[in-house]
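FYI, it's all coordinate maths here, none of it is from the lab. Predicted model only: the values in this text are computed from it and were never measured. Here Cβ is always computed from backbone atoms with ideal geometry, including for glycine, and neighbour counts include all displayed protein chains.
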Amino acid sequence: MKIHSTLIIFLSSLFAIQNYAIAQNENWEEALNKKSATLNLHWYVSQPFVYEDNSGNLTGLEVEIFQEFKKYIKTTHQVDVNLNWIESKSFGNILTDIKNSKEPNCFGVSAFSITKERKEIIKFTQAYLSDVAVLVSSEGTPIVRTLEEINNLMSEMTAVTIEGTTYEKFLNNLEEQFSLDFKTMYIKSDENILDAISQAENRFGFIDLPIYLMLIKNGGNLTRQNFFTVKGKGYAFIMPKSSSWDTVFNEFLDDPKSKAKLADIAAKYLGLELYKFMEGIYEEENLRASILTKEKEIQLEQLKNTNLLLEKEKNSQLTYIIIAIVTTILLTIIFLMFYREQRASKMLSRKNKQIELQQHSIQHKNEQLYNRNLQLTSLNEEKNNLVKILAHDLRSPINQITGLLDILKLSHKSLSDEEEKIIFQAKDSAQRLNQMISKILDFDALEGNRMKVMPEKMEVKELFNTVEKELKVAADKKNTSIQYQYNVNFRFESDHLFLTQILENIIVNAIKFSNAGSEIIVRAEKLKSKIVFSVTDQGPGLTDTDKSLIFKKFQKLSAQPTAGENSTGLGLSIVKKYVDLLNGEVWVESEEGRGSTFYVALPVK
């Protein structure tokens, strides 16, 4: 009887082991027939893709993707999947394990980039996320632009990377391509490359673009070397060559509902803004410029947030001070009242009268301040009205002066050179005064929200022809060449008057600040749902201080007009107001001594 029972237990155990072995070596077709499967997921720490949280629970972008995959095949194919997470000793071990594995149901999960060399030994799923790597260096490191600068800088620095990753491959390519000789420091894949670079002044290394952007968004200050940007084929999961699980996994990645869920997951770990930027930038040709623009946007957003935080702190401090003062006064009054309550009623009455007098005095002073504020407001309005009246009334005499000077010149053809010069200078001064009055009135109308947008259909060629005719005299006067360029003469809808004023103000500004004989290039380009105009000059360029003030009214910049032209300080502030009315954006890119480029981006239908 005992022998019989033992034999039954032995056979049952053998059957269970056999079933387990089969389950551990099943392809997708077998799982589809059995309606169940176990996936062995080999992982190693790579934040934010796969890691353990403070409670020891496995989490991360790739963990949640597999959880969604499990739900997907349960819903679409009625297959129950068990996710068996197996922690590897290193990133490189995962590659080795997957390459040598005879189990078709195993995956490698640790932010693997798709490369040609890896494809020869393992199989990849489709990419689920864009893959762009950038080279960053310690804070304060100069940005290199020439081969000599690269050699001088990196020969004295130490590279930081993780063994077996594409980061290491990029460093090797860099070292081979530029014949560099630098030290390399290897860290574990659960450590952060950015943290290691931040700990010293002479380190550099490659890192994923979204991780770098998250760093600067959180206030980090590492230097990105714009010259070294690598666009990969995307992040994916790996499996043995013999596996057929890529079929259903790619089906999952192509499913529209799955794509929406994957977008939510990526946005959760990278931030919605950075995820959309990564997916949008991946198809752009000018990758470096797009990344640089995004850096500037994040830095500006940080600056705004910092200013808001400082303002809140200032307001909080002021509130605390007011509360402390009020509390101190109240406590003092209470103490004095309690102390004087013990004295004679006559003294108490006297003190009460003093308090009443003080209250009346404070109330009287408040009334005086209120009345003074009303007077100042009234004076300011009168001043504005007076400026508008003067500007309007001056226009007619100035036009008469200009007309009389023209009549004088026509009626006296035998004028001497000196007399003609005096007439020309008088007419030029009258015209400049008239332009100043026009700008003052335009700015007043913009400030008072009296300008209405009147959209109409127009062509780029037609717009450029109008601007060219208007500015021909000013350009010829300084022997300035203006080139108007556009790739396609497309039609779009906008306010013709506003747009003409915007371009004329920017180009006139470029003429003023450029030397005689310079060249100015005006371009128009349609990018998706926007039209972008740019004006590039060969002027003196702008300092950082100038760039922060240039779109504000009545600002005098360090750069001066090259021929002593007059400047009201309103032209570019009017441009900013017009662009805002058209729901667009305007900015400038410039380096001191290297000219400037002004950009205007407008939405088009």
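Brief remarks on what is shown
- When both segment 105-138 and segment 495-548 are represented by their alpha-carbon centers, they are found 43 Å apart.
- Additional length obtainable on full extension of the chain from K257 to T319, 0.36 nm per residue less Cα span: 17.3 nm
- Cβ crowding within 10 Å averaged over residues, with 319-328, 172-181, 227-236 ranked highest first: 227-236, 172-181, 319-328
- Once the C-beta distance of A200 and E117 is scaled by a Förster radius of 30 Å, the resulting FRET efficiency is 0.45 to the nearest 0.05.
- Sequence ranges 152-159, 52-59, ranked by mean other-Cβ count within 10 angstrom, highest first: 152-159, 52-59
- Compactness ratio for segment 132-231: Cα radius of gyration over 2.2 N^0.38 Å (N = residue count) comes to 0.97.
- FRET efficiency, E148 to I422 (Cβ-Cβ, R0 41 Å, nearest 0.05): 0.10
- Evaluated on segment 455-603, the Kirkwood hydrodynamic radius is 15.5 Å, with distances taken between all distinct Cα atoms.
- In terms of the mean number of neighbouring beta-carbon atoms within 10 Å, the peptides 33-45, 67-79 order highest first as 33-45, 67-79.
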